[in-house]
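Every number in this text was worked out from the coordinates using simple rules, so none of it is lab data. All values reported here derive from a predicted model rather than from experimental measurement. Cβ: placed from backbone, ideal geometry, glycine included. Neighbour counts: every protein chain shown.
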Amino acid sequence: MSKPKVAFFDFASCEGCQLQIANLEEEVLDLINIVDVVSFREVMKEHVETYDIAFIEGSIMRPMDEERLKEIRNHAKILVALGACAAIGGVNKIRNQWDVDNVKKDVYGNAKIKDNKYFDVFKTKAVDEVVKVDFYIHGCPINRDEFKKVVISLVMGKTPEIPTYPVCVECKKNENVCLFELGKFCIGPITRAGCNAICPSNGSPCEGCRGILNEPQDECVQEILERYDLTIEELKNRCTMYNYGKEECKDE
Amino acid sequence: MKSIVKEDLNSFVDALIQDTGYEVHGVQAKGEKFVFAPLESSKDLRLDYDVTILPPKKYFLPQYEDMMNFKLNKEYSVTPQKVDKKQILIGVHPYDIVALEQTDKVYLDEQKDDFYEKRRKNTIIIGVDIQNVSDQSFAGSLGTHYVESGFDLMLTNIGKKYLITIGSKKGEDLLKKYAQTKDAKDTEVKEINKVRANTLNSYKKHVRITDADSWSKLLVSNYENSIWEEKSSKCLECSSCTMVCPTCFCYDVKDDVSLNLQDGSRVRTWDGCLLKDFTKVGSGEVFREDLKKRYRHRFFRKGNYLAERYGFIACVGCGRCSIACLPNIASPCDVINELTHFGGEGKKDEFFIKQKSHSDEKGTIHVPRKAIIKKKEKLTECETLFTLEFEDKKPLGHKPGQFVELSIFGVGEAPFGISSAPSTEPSFDVVVRKVGNLTSKLFTLKKGDSVGIRGPLGNGFDVEEFEDKHLIFVSGGTGMIPMRSLIEHCLDKKNRSKFKYVKILYGAKRPCDVLFQDKIAGWEKCEDVTCKLTVDTCQDGECWVGSVGLVTALFPKLHVDRIDPKNTKAVVIGPPVMFKFVIKCLQTIGIDDKDIFVSLERRMKCGVGKCGHCQINGVYCCKEGPVFNYAEIKNLPEAFE
């Protein structure tokens, strides 16, 4: 079996998801036994333009990003969105709440950026809003085990299986005290699992970084807010962190 | 009955931890809640707990359980997981003991789950009578707040001392060896009833009806009640209720491959019927997709499906689901109490059919046997036939209509109907349509490669019932795959004289999708056999001599006047939409429902009635089916939805 050539690319992101891969440490050796990493800015200086699998980290913010992404799509047989910024837009989409020009003014003040293409931003897009995404690795950051599973699947010619059930399933298996019972607002019940409920297991409420699965009906939301004495604002804030623009973040 | 002072109980627990060689787990605090966890000292033990977050089922059906390890760098290598850890659980409440005994009924039935069985055998249970009642629990009204058996030792707090009821020789030996006890005085023994009466009085929640029969009747009468819609509209679909439930034991199985691609393990993990993909089959079809139906299923499983099968309410009133459910819609107590306002005297066994006897695979029920691909033949664009044979050449021993679970390690396992007649054994055929990972991988295998096989599984056709009868076989699409097994069996020279005329109706999508064209040509040549074929569409230029239209349109060509409906048996196999219409045609020509047989498709994951995925109301498609008598199954609302 010839090893598939793999390349990593980053757009608007913290590159933390690629760092997760670099942090595989000794397992990186196993990884490069099954794939041929031809481009990975964070860990190597070589770069080759021929690759089979492209992992894309980051959101798409500018026309120049779009061009570059389309170019990558043309080269790659398989394109994988790596992490929340790429898969769902993630924290970068928080910005979409405001008008782009106002945001620029707020951030850059009177700096001369008008004709500078690097500052030519539009509303944040997830990767699949620009090109076809074959597979998703969710999370902020990604879960290393899930990354390995996806790579193994791709190398074996399988379609990676990404959970379609919510974080509660994993959280319950970990036998955590439910954060709602501790007065915290967690969106694990509606967020895609696959992270092994890492945040709730460590006492932090789920922020929904793997994307919203089900949109609960209003009756359900009302019931929970009342029962746990929480406000709709708290729900909105929770959903805005990674999932701005999703239906359930609408006003009451 | 023994008694032990509290300090001595602590010493006993510490001795168990230090001296027995068993892993000792006990109830401990986790924040303000309680969990079963490895016990390091008697100081951590909290026998005064109300309820643990997870029930002790995690010790018998772990959240993630390696069932077997396989190697991918060898041709076929699989080793079942050894389950030899000996453990002691301290502080199990009576309702959880009842739940374990219920699980035994399912997991230790005629097809024993060997992993579960070993864990049960290797575990010593030290129970404790409830000292603090959980707000959400209603075990008192179900009578599960105490038990007389199911434990090795049972502790009861009577103030300064604990009483110890001995439940087994193992428990007695432990006491003798590690504990300072005295024989309990008569006055002390009487305390037990007081303690239990006190517990009973402490319950805040009560379910109005308390026996399996009444739950069952009430639920069946209210199958269409609006409560399911109302409550499920608040459901988050998170399945927390099933995860924390001591009597929810459905599971999923996945293959994990190591990063070296050389080895891996087959892992089973808890699954829940509230989850959308719980019933999803390979072709993508989802049964019970509607949330209302999934929500209802959970209650029916507890109060009707398992109740009818085993005679117990599969809810022990622990209240964990109510604690876990954020919108507070999970409590069986609340639902049953609400339903009592509507009343109900339904036929309680309406959604259940009697279990048929079926072939019992010997040995382990989970580990497949090695089979070799003897022949691979492309039938259509999407379907390929694989002829398989066990490596040891032992016959499969199947009946037409049965299925096998086929494994490719590292990819997974899926059910396939057997397509060949029993007479071709020891080799047997499966016909595979490329739809997912497993089937795609199977397509890459060659003659001589090996796969894993479990089976034959399920209930096949009772061919003796067809003797001296006219036969009508109606198949649609891939329904022809299992039908071929039956047709070839009936047309086999040795058997042909046992059956009267055979009429075969078969509908496919397009001419190029028609399976077994050469076989069909052979069947047509047999005496007293009619084959009528149809396709949904036929493109210009495609060669096709059969009809165009739905399979039901073939019925007029059957020469209805020559059919003797009273002496005819009909078999229907096809996609879900087909059944209703074909059965109507059969009824129209006068064939009685009891003379109609169907084979249904569901997600038959374990194949042995445990994992829960293939349930059609109270019926396991993998055990009572996939072949059903139509008269028996027609009233199951989920059968032909």
Compute the signed sum of charges (Lys and Arg +1, Asp and Glu -1) over the other residues within less than 9 Å, Cβ to Cβ, of B:Lys205.
-1
Starting with the fewest neighbours, write out B:Ser599, B:Ser221 ranked by other beta-carbon atoms found within 10 Å of each beta-carbon.
B:Ser221, B:Ser599
Exposure proxy check on B:Trp215, A:Trp98: fewest-to-most Cβ neighbours within 10 Å is A:Trp98, B:Trp215
Using +1 on the beta carbon of Lys and Arg, -1 on that of Asp and Glu, and nothing else charged, what's the dipole of region A:27-155 about the Cα centre, debye to 20?
480 debye
If one takes the longest principal axis of the Cα atoms in chain B, at what angle in degrees, from 0 to 90 and to the nearest 10, does the Cα axis of helix B:186-202 lie?
60 degrees
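From Cα pairs below 8 angstrom and at least 6 apart in sequence, can you work out the relative contact order of chain B, rounded to a whole percent? Present the calculation step by step, with values, prior to reporting the outcome.
Numbers: 1383 pairs, mean separation 79.9, N = 641.
Worked out over chain B, it gives 12 percent.
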Based on the Cβ-Cβ distance of B:Val435 and B:Lys105, what FRET efficiency does E = 1/(1 + (r/R0)^6) give at R0 = 22 Å, to the nearest 0.05?
0.05
If you take each beta carbon of peptide A:162-171 and count the beta carbons of other chains within 10 angstrom, what is the mean?
5
Enter the mean number of other protein chain beta carbons within 10 Å of the beta carbon of each residue in A:151-160, as an integer.
4
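Can you check how the C-alpha radius of gyration of region B:507-583 compares to 2.2 N^0.38 Å, as a plain ratio? Each step should come with its number before you reach the end.
On the way: Rg = 13.5 Å, N = 77, 2.2 N^0.38 = 11.5 Å.
With N residues counted in region B:507-583, Rg over 2.2 N^0.38 Å equals 1.18.
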Pop the C-beta distance of B:Lys494 and B:Glu641 into the FRET formula with R0 = 56 Å and round what comes out to the nearest 0.05.
0.90
Selection from A:Val80, A:Ile113, A:Val103, by position along the positive dipole direction of the protein assembly as shown (Cβ):
A:Val80
At a Förster radius of 60 Å, what calculated FRET efficiency corresponds to the Cβ-Cβ distance of A:Glu27 and B:Val545, to the nearest 0.05?
0.50
So how many Lys-Lys pairs in region B:212-340 land under 21 Å Cα to Cα, not counting same-chain pairs under 8 apart?
21
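Would you mind giving the mean number of other chain beta-carbons within 10 Å of the Cβ of each residue in B:258-265, as a whole number? Provide the component values of the computation, followed by the final result.
Working: counts 4, 14, 7, 7, 1, 0, 1, 0.
That average works out to 4.
Given the pairs B:Lys376/B:Lys500; A:Lys5/A:Lys45; B:Lys74/B:Lys121; B:Lys169/B:Lys354; B:Lys434/B:Lys605, which are separated by over 27 angstrom at their Cα positions?
Working: B:Lys376/B:Lys500 33 Å; A:Lys5/A:Lys45 16 Å; B:Lys74/B:Lys121 33 Å; B:Lys169/B:Lys354 37 Å; B:Lys434/B:Lys605 18 Å.
Among B:Lys376/B:Lys500; A:Lys5/A:Lys45; B:Lys74/B:Lys121; B:Lys169/B:Lys354; B:Lys434/B:Lys605, the Cα-Cα distance tops 27 Å for B:Lys376/B:Lys500; B:Lys74/B:Lys121; B:Lys169/B:Lys354.
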Spin-label pair B:Val5/B:Val189, simplified geometry with 7 Å Cα→Cβ offset, distance in nm:
2.3 nm
Would you work out which of B:Leu108, B:Phe278, A:Ile94 lies farthest towards the positive end of the dipole of the protein assembly as shown? Charges go on Cβ: Lys and Arg +1, Asp and Glu -1.
B:Leu108
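Relative to the Cα centre, what is the charge dipole magnitude of the protein assembly as shown, using +1 at the beta carbon of each Lys and Arg, -1 at the beta carbon of each Asp and Glu, and rounding to the nearest 20 debye?
Working: 130 positive and 134 negative charges, 281 e Å.
The calculated dipole for the protein assembly as shown is roughly 1340 debye.
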Relative contact order %, region B:463-599, counting alpha carbon pairs below 8 Å whose residues are six or more apart
28 percent
So which GluC sites (Glu not before Pro) in region B:117-176 pass both tests, a DSSP loop state and at most 15 other Cβ atoms within 10 Å of the Cβ?
B:Glu148
State, to one decimal in nm, how far the label point of B:Gln517 lies from the label point of B:Lys30, with both points 7 Å from Cα in the Cβ direction.
6.1 nm
State the answer as a single residue: which of B:Ala15, B:Gly612, B:Leu291 lies farthest towards the positive end of the charge dipole of chain B, with beta carbon charges of +1 for Lys and Arg and -1 for Asp and Glu, about the Cα centre.
B:Ala15
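Calculate how many DSSP beta bridges within region B:2-202 are antiparallel, expressed in % of all such bridges and rounded to the nearest 5.
Details: 21 of 34 bridges.
In region B:2-202, DSSP labels about 60 percent of beta bridges as antiparallel.
Can you list which of the chymotrypsin sites (Phe, Trp or Tyr not before Pro) found in region B:509-580 are DSSP loop residues with at most 11 other C-beta atoms within 10 Å?
Working: sites: B:Phe516, B:Trp523, B:Trp544, B:Phe579; in loops: B:Phe516, B:Trp544.
Those that pass, being in a loop and sparsely packed, number zero.
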Most fluctuating residue given options A:Pro63, A:Pro141, A:Pro205, as computed from a GNM of chain A linking Cα atoms under 10 Å
A:Pro63
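Which three numbers, in whole Å and largest first, are the semi-axes of the equivalent ellipsoid of chain A derived from its Cα gyration tensor as √(5λ)?
Whole-Å semi-axes of the equivalent ellipsoid: 32, 26, 14.
Nearest 5 is fine: what % of DSSP beta bridges in region B:546-641 come out antiparallel, could you say? Intermediate values should be presented prior to the final figure.
Numbers: 5 of 9 bridges.
Expressed as a percentage, antiparallel bridges in region B:546-641 total about 55.
For region B:2-202, take N as its residue count and report Rg(C-alpha) divided by 2.2 N^0.38 Å.
Values: Rg = 18.2 Å, N = 201, 2.2 N^0.38 = 16.5 Å.
Against the empirical 2.2 N^0.38 Å value, I get 1.10 for region B:2-202.
Taking every pair of Cα atoms in chain B, average 1/r, invert it to obtain the Kirkwood radius, and report Rg/Rh to two decimals. Don't skip to the answer; put the middle values down first.
On the way: Rg = 27.9 Å, Rh = 27.0 Å.
Looking at chain B, the ratio lands at 1.03.
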Cα pair distances in the protein assembly as shown, grouped into 20 Å bins until the bin that holds the longest one, percent each:
13, 39, 36, 12, 1
Among B:Leu457, A:Leu230, what is the fewest-to-most ranking by other Cβ atoms within 10 Å?
A:Leu230, B:Leu457
Just flag the trypsin sites (Lys or Arg not before Pro) in region B:508-583 sitting in loop per DSSP whose Cβ has no more than 16 other Cβ atoms within 10 Å.
B:Lys509
Contact order relative to length for region B:369-457, counting C-alpha pairs under 8 Å separated by 6 or more residues, stands in percent at 39 percent
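With +1 on each Lys and Arg Cβ and -1 on each Asp and Glu Cβ, and nothing else charged, work out how big the dipole of chain B is about its Cα centre, in Debye to the nearest 20. Working shown, then result.
Numbers: 97 positive and 91 negative charges, 81 e Å.
In total the dipole reaches around 400 debye.
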Among A:Ile94, A:Ile142, A:Ile224, which one shows the biggest mean-square fluctuation in a GNM of chain A, springs joining Cα atoms closer than 10 Å?
A:Ile224
Spacing of the two label points (7 Å from each Cα toward its C-beta) at A:Ile232 and B:Asp593, in nm:
5.0 nm
